[in-house]
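The values are calculated or read from the model by the stated rules, or taken from the named source; none is laboratory data. Computed from a predicted model, the values in this text were never measured in an experiment. Cβ placement follows ideal geometry from the backbone for every residue including glycine, while neighbour counts extend to all protein chains displayed.
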Amino acid sequence: MTILVTGATGTVGRLLVEELLQTGQRVRALTRNAAKAGLPQEVEVVEGDLARPETLAAAFEGVTAAHLINFAGDDYQPLEQGDRIAEIAAQAGVRRVTVLGGRADGALEQALAGTDMEWTLLHPVEFMSNTLRWWTHSVRAEGVVKEPFGDRLSAMVHERDIAAVAATVLVEGGYGGRSLTLTGPQAVATTDKVRILSEAIGREIRFIELTEDEARAQWRMFGMGEETIEFLIEALGNTPEEGRTVAPTVEQVTGRAPRGFAQWAAEHAEAFQPVASA
Ligand SMILES: NC(=O)c1ccc[n+]([C@@H]2O[C@H](COP(=O)([O-])OP(=O)(O)OC[C@H]3O[C@@H](n4cnc5c(N)ncnc54)[C@H](OP(=O)(O)O)[C@@H]3O)[C@@H](O)[C@H]2O)c1
């Protein structure tokens, strides 16, 4: 059986490709630019654009299971033609689908619910890997983290556990019609996260708590749009219960305990080492 991975060059997708290869699956990866994909050579790389379903026939041909993202473009716009994608998958003979959930279910999820494919929605809470995106620069340059809401709790999940759940569901099935909330093993406060990362890199990291307005100004300086900034203020300042409550799903599906932030920090410590002085 061939398994199609969309978003295969992204944070979760790359790990999902690895997980599937490790269990001997035949993997096809979708990307908008094969020349830049940088995927293992065993992977069949196919070009296509989820925003243009007419480009997807080759990607779905002969596929029995598929992992789908529900957005298109670097600004994560919901798939407008998600219903068309579900139709192409069903017509190609896809039997089982996982969807990496985003901010809200959209046309793709709704359309899948109306098919007889075995679909499973994966709803991870905050990714641990956001730490790389948000903290690397200031930790390396100044040994500091600047964020609002220091006591905010997050049950953040290791991205490899998201991939492991997707791989298990795609290969073994058994979760059809379900929406799975994926978390790590603990709800961790931002200040504790800083401490754990400090221990992993062997260097003190100072935490500077920003006011909401200071955070907005910082994120504008990073080039973020106003919509994303307000989403973050709401998501961080008012983390919903689901985002700060540990769920048993990773262990139930994969049979192994979810990876904690200390493990993530140890795996990524190198990325936070100081910028070498010239
Ligand atoms: N970060 C978090 O804390 C968090 C929490 C919960 C849920 N999520 C959800 O996770 C998802 C992001 O996952 P990620 O971080 O793994 O992604 P990512 O690292 O940002 O990678 C984006 C992927 O999407 C692909 N892509 C973008 N537009 C495409 C298009 N038009 N056609 C085909 N492929 C396209 C890219 O492929 P190419 O560039 O190779 O074409 C790339 O593989 C979002 O839905 C987000 O809402 C994130």
- Do you know which of the residues in the stretch 128-137 that are not in a loop (DSSP other than H, G, I, E, B) and not β-branched (Val, Ile, Thr) is surrounded by the most Cβ atoms within 10 Å (Cβ to Cβ)? TRP135
- Contact list, first residue from the stretch 18-30 and without any contact (Cβ under 8 Å) to a residue 60 or more places away in the chain, second anywhere and in a loop (DSSP other than H, G, I, E, B) and crowded, with 17+ Cβ neighbours inside 10 Å, beta-carbon distance below 6 Å, six or more apart or interchain, is VAL27/VAL43; ALA29/ALA8; ALA29/LEU39; ALA29/VAL43; LEU30/THR6; LEU30/GLY48
- Message: Exactly one of these conditions fails for ARG178: (1) farther than 17 Å from GLU19 by Cβ; (2) within 13 Å of the ligand (Cβ to nearest atom). Give me its number.
- Response: (2)
- Task: Evaluate the stretch 35-55: report whether one residue or more is at pLDDT 95 or above, more than 9 Å from the ligand (Cβ to nearest atom), assigned by TED's automatic domain parsing to the domain that holds GLU87 and closer than 19 Å to TYR76 by Cα.
- Result: yes
- Task: Working carefully through the options ALA217, ALA257, ALA247, ALA276, find the one that is small (Gly, Ala, Ser), free of Cβ contacts under 8 Å to residues at least 40 places away in the same chain and over 19 Å from TRP134 (Cβ atoms).
- Result: ALA276
- So the strands (runs of 3 or more DSSP E) completely within the stretch 138-210 holding 2 or more residues that are within 30 Å of ARG220 (Cβ to Cβ) are 144-147, 206-209
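Working only within the stretch 52-67, note down all residues that are surrounded by 15 or more Cβ atoms within 10 Å (Cβ to Cβ), touching a residue at least 12 places away in the same chain (Cβ under 8 Å) and touching a strand residue (DSSP E or B) at 6+ places or on another chain (Cβ under 9 Å). So that I can check it myself, show each step before the final result.
Initially, the stretch 52-67 is screened for residues surrounded by 15 or more Cβ atoms within 10 Å (Cβ to Cβ), giving 53, 55-56, 59-60, 63-67.
From the residues that got through so far, the ones that are touching a residue at least 12 places away in the same chain (Cβ under 8 Å) too are 53, 56, 59-60, 63-67.
LEU56, ALA59, PHE60, VAL63, THR64, ALA65, ALA66, HIS67 - these are the residues of the stretch 52-67 that are surrounded by 15 or more Cβ atoms within 10 Å (Cβ to Cβ), touching a residue at least 12 places away in the same chain (Cβ under 8 Å) and touching a strand residue (DSSP E or B) at 6+ places or on another chain (Cβ under 9 Å).
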- Query: Any residue at all in the stretch 38-54 that is more than 16 Å from the chain's Cα centre (by Cα) and part of a helix (DSSP H, G or I)?
  - Reply: yes
- Note on the structure: Of those in the stretch 9-32 that are near the ligand (Cβ under 6 Å from one of its atoms) and of a type in the set (A, V, I, L, M, F, W, C), the residue surrounded by the most Cβ atoms within 10 Å (Cβ to Cβ) is LEU30
- Message: Of everything in the stretch 224-243, what is of a type outside the set (A, V, I, L, M), assigned to a helix (DSSP H, G or I) and free of Cβ contacts under 8 Å to residues at least 40 places away in the same chain? Give them in sequence order.
- Response: GLU226, GLU227, THR228, GLU230, GLU234, GLU241
- How many of the residues making up the stretch 68-127 are surrounded by 18 or more Cβ atoms within 10 Å (Cβ to Cβ), within 14 Å of the ligand (Cβ to nearest atom), part of a loop (DSSP other than H, G, I, E, B) and in contact (Cβ under 8 Å) with a residue 40 or more places away in the chain? 3
- Item | Flag if GLU212 is within 30 Å of GLN273 (Cα to Cα), of a type in the set (D, E, K, R) and surrounded by fewer than 19 Cβ atoms within 10 Å (Cβ to Cβ) | yes
- Kindly indicate whether any position in the stretch 249-271 is closer than 18 Å to GLY202 by Cβ and in contact with a strand residue (DSSP E or B) (Cβ under 7 Å, 6 or more places away or on another chain). yes
- Message: Could you list, ordered by first residue, the pairs with Cβ atoms under 8 Å in which the first is in the stretch 154-167 and among the basic types (Lys, Arg) and the second is modelled with pLDDT of 95 or more, at least 6 apart or interchain?
- Response: ARG160/LEU15; ARG160/GLU19; ARG160/ARG259
